[in-house]
1. For the range 404-425, check the following and say yes or no: at least one residue is more than 21 Å from Ile82 (Cβ to Cβ), out of contact with any strand residue (DSSP E or B) (no Cβ under 9 Å at 6 or more places or on another chain) and among the acidic types (Asp, Glu).
2. Residue by residue through the range 289-327, note down the ones that are of a type in the set (D, E, K, R) and under 22 Å from Gly356 (Cβ atoms).
3. Those residues that are in contact (Cβ under 8 Å) with a residue 12 or more places away in the chain and assigned to a loop (DSSP other than H, G, I, E, B), I need them from the range 116-145; list them, please.
4. Output yes when any residue across the range 346-358 is assigned to a loop (DSSP other than H, G, I, E, B), surrounded by fewer than 22 Cβ atoms within 10 Å (Cβ to Cβ) and at negative phi, and no when none is.
5. Tell me the residue from Ala143, Ala165 that is under 24 Å from the mean Cα position of the chain (by Cα) and more than 13 Å from Val111 (Cβ to Cβ), please.
6. Here are some residues: Leu369, Leu324, Leu355. Which one is modelled with pLDDT under 95 and of a type outside the set (Ser, Thr, Tyr)?
7. Look at the range 81-126 and say how many of its residues are touching a Cys at 6+ places or on another chain (Cβ under 8 Å) and crowded, with 22+ Cβ neighbours inside 10 Å.
8. In the set Ser286, Ser268, Ser282, Ser298, which member is surrounded by fewer than 16 Cβ atoms within 10 Å (Cβ to Cβ), under 30 Å from Ala171 (Cβ atoms) and touching a residue at least 12 places away in the same chain (Cβ under 8 Å)?
Amino acid sequence: MAGAMEDSILSSKLANNKTMILVTILEPRLPPRLTSLPIHPVVYLFRTPIMELTKFLGFLAMVLPIAYGAPTSAATSLHPKILAAMKRDFGLDAEAATKRVAFEHRSADVVESLKGSAGFAGAWISEDGTTLKVGVTDEALVADVTSAGATPVILANPLSKLEEAKAALDAIDIEAPARRDEASASSGIASYFVDVAANKLVIESLAGSTATAESLAKEVGLAAGEFEVRTVASMPSTFATVLGGDAYLINRAARCSIGFSVTTGFVSAGHCGSAGDTATTSAGASLGTFSGSVFPGSADMSYIRTVSGTTLRGYIDGYGRGDLPVSGSTASAVGASICRSGSTTGVFCGTVGALGATVNYSEGRVTGLTRTSVCAEPGDSGGSFYSGAQAQGVTSGGSGDCTSGGTTYFQPVNEILSTYGLTLVRA
């Protein structure tokens, strides 16, 4: 504890199952987030049963690092390539980028501790990356959110209600002939997801399909104010391409990007290949065979079991500035910064927009994807999404490009690992 807070001194004395703890905090370093705590800038005495003391110390361990913005060991080792990409895409210098990623990683732990609570309505990080906001529908949860170092926001709809409506929408055949525009071969529904900050289910559609979108929302029981229809210029598509070059080739034809190394191979996007397809380097050397693949449907994921002798490393291609280490797979919260590496465009960054999104590709609907503001282009499919040294997922598809900007979805990596029983290779 003393190591995590240089200007703090903690001493304790046990006696008759009671503990007296002396906390001294120097006034110049008192963090703003502690102003609601019963701790004064000079000295404060606590006399409490050991059980309560344990809770208090655990609370301090969570809140003090968030208040001070002290970078974690993972954040302090941000690779120069990531720092360069965050400077280009966010305008952050190295110190600001490091603090932001450290804050986002700690915020993910706070969200994990709160999301099972009754009245939880979702969580997101503010646009400037400095505040974790937690939506609540029950004022009884406000104190818990505040004590965890986050900012409570009273909302009307619990997250569970919106997620149930989305699940009901997933069960509807939105591409049934009766729902299609007479002038096109699709319903014009591009995607749908829960926007936690807006506290609504968002349905994205082409301009000519807004009536279909509104009808679908009402069909799953949503009232006005519980959903929003947003128009998009085009339908999303996957980012596979038939081009030669680096990364890996599927059946010596289509090109995709490697996601992450696992102990027996690597993971990538499901639309890149089917079970039994071969994976080779651009030079034609054998990498392995697709052992499993899911696309479309409940995921966009694949697992390639590599041939004997393949070197599997816990790093991501940094495209000219060294390799980026992978140390875990803790999922980031909505609003967190996130970066992507791909064999076509290299490294680009953006923010997480929504979790559990459903995307309507021409090949079929895919559920459970994460929506981001990162750009991507054909050939980037399957490539790595990451936050600091934490693996996030593999590139699925989206719209736009890295010249004009765009929206990209990724398949969460933890689902791939659990589905195939895989273990990440770590640096």
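1. No, that holds for no residue.
2. Of the range 289-327, the ones of a type in the set (D, E, K, R) are 300, 305, 313, 317, 321, 323.
Within the range 289-327, just Asp300 meets the criteria.
3. Within the range 116-145, Ser117, Ala118, Gly119, Ser126, Glu127, Gly129, Thr130, Thr131, Thr137, Asp138 qualify.
4. No, there is no match, as no residue in the range 346-358 is assigned to a loop (DSSP other than H, G, I, E, B), surrounded by fewer than 22 Cβ atoms within 10 Å (Cβ to Cβ) and at negative phi.
5. Details: Ala143 fails: under 24 Å from the mean Cα position of the chain (by Cα).
The unique qualifying residue is Ala165.
6. On the way: Leu369 fails: modelled with pLDDT under 95; Leu355 fails: modelled with pLDDT under 95.
Leu324 is the lone residue from the list that is modelled with pLDDT under 95 and of a type outside the set (Ser, Thr, Tyr).
7. Our first condition is that a residue be touching a Cys at 6+ places or on another chain (Cβ under 8 Å); within the range 81-126, this holds for 82, 85-86, 88-90.
Filter once more, so that each one left must be crowded, with 22+ Cβ neighbours inside 10 Å: 82, 85-86.
So the count comes out to 3.
8. Details: Ser286 fails: under 30 Å from Ala171 (Cβ atoms); Ser268 fails: surrounded by fewer than 16 Cβ atoms within 10 Å (Cβ to Cβ); Ser282 fails: under 30 Å from Ala171 (Cβ atoms).
Of the residues listed, the single one that is surrounded by fewer than 16 Cβ atoms within 10 Å (Cβ to Cβ), under 30 Å from Ala171 (Cβ atoms) and touching a residue at least 12 places away in the same chain (Cβ under 8 Å) is Ser298.
The values are calculated or read from the model by the stated rules, or taken from the named source; none is laboratory data. Note that the structure is a prediction, hence the values are computed from the model and not measured. A quick note on method: Cβ atoms are made from the backbone with ideal geometry, for glycine too, and the neighbour counts reach across all protein chains shown.
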